[in-house]
């Protein structure tokens with residue numbers, strides 16, 4: 001069985017299993033459907049609507065207040081197209097809608113062959129090891145035309161990612177500003193807040209705004225990390241969807257408490273990315289459980305796809321590279337370095353992540369290890 005997924009802008013978020021032998025699909029428990037069972041179905045997909053209605057009557061679906069449906073029990077023995085109708089309520093070839101873990105369409109499996117291990121990000125990989133060649137599937141690199149290179153296996157660097165991570169953990173305790181002790185659970189979120197507030201006169205105001213929404217922000221982060229630990233693993237595309245969703249929820253939490261505040265995607269991303277980096281360095285120092293978030297062994301499978309915290313140092317680093325012309329529009333605006341705090345949209349942010357991923361790729365490093373070695377110099 002091969003895990004596949006179908007995510008739409010309308011809110012569908014379905015995970016399924018595909019059997020290459022029978023070419024049948026099983027929609028898995030926990031999937032979110034956007035099919036409108038009150039609408040009149042076209043005759044060619046009426047049977048799929050009837051099947052979804054029967055599943056609702058049988059208690060296999062639960063309707064949410066927003067009109068979507070949650071799958072409470074697996075729905076088996078479906079064709080790819082029938083399964084996509086039940087998920088979205090729209091007709092069309094399911095072979096062209098469902099995707100496998102490396103971001104390719106399910107259509108590549110029509111012959112019954114499984115994806116090769118070289119193109120499958122579910123193959124086990126450790127942070128600090130080479131990036132798999134498929135990481136650009138469904139990423140902004142396709143939009144900003146950054147150069148992509150294939151990376152061959154490379155032995156562990158002498159200046160290893162593990163050593164850098166442990167240096168980072170130790171350094172946090174003794175730095176003069178924003179001291180953080182990851183041995184203490186309260187410091188994880190406090191450290192992220194302080195880092196995301198940035199410098200300047202507004203720092204105190206930003207910290208106050210964030211503190212008002214602290215419980216909501218912590219709930220968003222906890223749910224996001226649980227999604228990495230328990231949800232389906234589908235590589236870069238899945239991570240970026242979960243990440244953007246969580247960042248927007250953080251933005252909403254802050255603006256709800258402070259309607260007049262200006263809280264950009266760039267500001268909110270750093271709260272989440274700092275927590276992610278804390279998890280990364282803690283896990284890489286051989287401690288699979290953190291004081292704050294419990295089991296963080298999800299870093300083992302997601303480490304190659306995690307984002308780096310974007311701030312002024314990240315932007316300055318990109319601007320300093322010899323091939324910076326590839327990212328000029330990401331880094332500068334009207335001759336000035338783009339502010340991650342106020343001027344960074346989601347689109348620009350994803351472009352910055354793709355640029356960092358590319359240069360890390362060229363050094364045979366995962367992004368956070370690259371950031372620690374070349375940007376945040378422990």
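Since every read-out is calculated from the coordinates, none of them should be taken as a lab result. Just so we're clear, the structure is a prediction, and the values are computed from it rather than from any experiment.
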Rounded to whole Å, give me the distance from the Cα center of segment 263-312 to that of segment 341-378. 14
Shape verdict for segment 18-92, please, from the Cα gyration tensor: rounded (a/c under 1.5), prolate (a/b greater than b/c) or oblate. oblate
Translational D (Stokes-Einstein, µm²/s) of segment 298-350 at 37 °C and 0.692 mPa s when Rh comes from the Kirkwood sum over C-alpha pairs? 269
Segment 276-378 shape via C-alpha gyration tensor axes, a/c threshold 1.5: prolate
Added length on full extension, which subtracts the Cα-Cα distance from 0.36 nm per residue, residue 53 to residue 297: 83.9 nm
